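Notes follow once the structure below has been shown.
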Amino acid sequence: MIEKWREIQQGQIYHALIPESRHGSIQAGYRPVIIVSADWLNRTSSVFTVAELTTSLKNPTMSVHYVLPMMPGLPQRSMVLGEATARLIRDDLVKYRCTVPPDIYKNVDRAVRCGMRNRNRHKNRKQSRQSEKNNKKNRKRKKKHG
């Protein structure tokens, strides 16, 4: 567990212990993550939004992925998975690794925003399909009773 005095900031990379019950689209276990929630929120909240990092550089050209340059604190070349975000509490953050410079973090932010946009697009599509089904059912009911 990280020190209680450490201020959590956007762009910091930690090794986190992600509980099985909270994994969602993010892989559970001991994993590197990058803090993506805003600093003002990090100061006032006990919950942090993170994006998963991986050393498996599959599909690095996808808009939701960003390959980080080598930097002290990262033992291997790593890629940010902008589509794999989660919310963690301070106790889940185990070890501070490094902080990504602001000019590099802009690319991380872009990948995460693309991931959120894709997730919302998928969610909206799913909702509109459901609403189309409901409309068809309503029309059929009106024909029967009307």
Task: Flag if Arg97 is exposed (fewer than 14 other Cβ atoms within 10 Å of the Cβ) and either touching a residue at least 24 places away in the same chain (Cβ under 8 Å) or in a loop (DSSP other than H, G, I, E, B) (or both) - done: no
Task: Number of the condition not met by Ser25 [criteria: (1) of a type in the set (Ser, Thr, Tyr); (2) surrounded by 12 or more Cβ atoms within 10 Å (Cβ to Cβ); (3) at pLDDT 90 or above] - done: (3)
Task: Hits in region 38-73 - residues which are in contact with a helix residue (DSSP H, G or I) (Cβ under 8 Å, 6 or more places away or on another chain) and part of a loop (DSSP other than H, G, I, E, B) - done: Ser46, Ser63, Val64, Leu68, Pro69
TODO: Return a yes/no flag: does region 100-112 have any residue that is modelled with pLDDT under 65 and part of a helix (DSSP H, G or I).
DONE: no
Open item on the list: Against the condition under 18 Å from Ile18 (Cβ atoms), surrounded by fewer than 18 Cβ atoms within 10 Å (Cβ to Cβ) and without any contact (Cβ under 8 Å) to a residue 40 or more places away in the chain, how does Thr55 come out, does it pass?
Closed with: yes
TODO: Filter region 74-92 down to residues that are outside any strand (DSSP E or B) and either surrounded by fewer than 14 Cβ atoms within 10 Å (Cβ to Cβ) or touching a Ser or Thr at 6+ places or on another chain (Cβ under 8 Å) (or both) and give me whichever is modelled with the lowest pLDDT.
DONE: Pro75
- [ ] Would you point out which residue out of Asp39, Asp91 is of a type in the set (Asp, Glu) and within 24 Å of Arg117 (Cα to Cα)?
- [x] Asp39
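The values are calculated or read from the model by the stated rules, or taken from the named source; none is laboratory data. Just so you know, these numbers come straight off a predicted model, no measurement behind them. With ideal geometry, Cβ positions are generated from the backbone for all residues, glycine too; neighbour counts draw on all protein chains shown.
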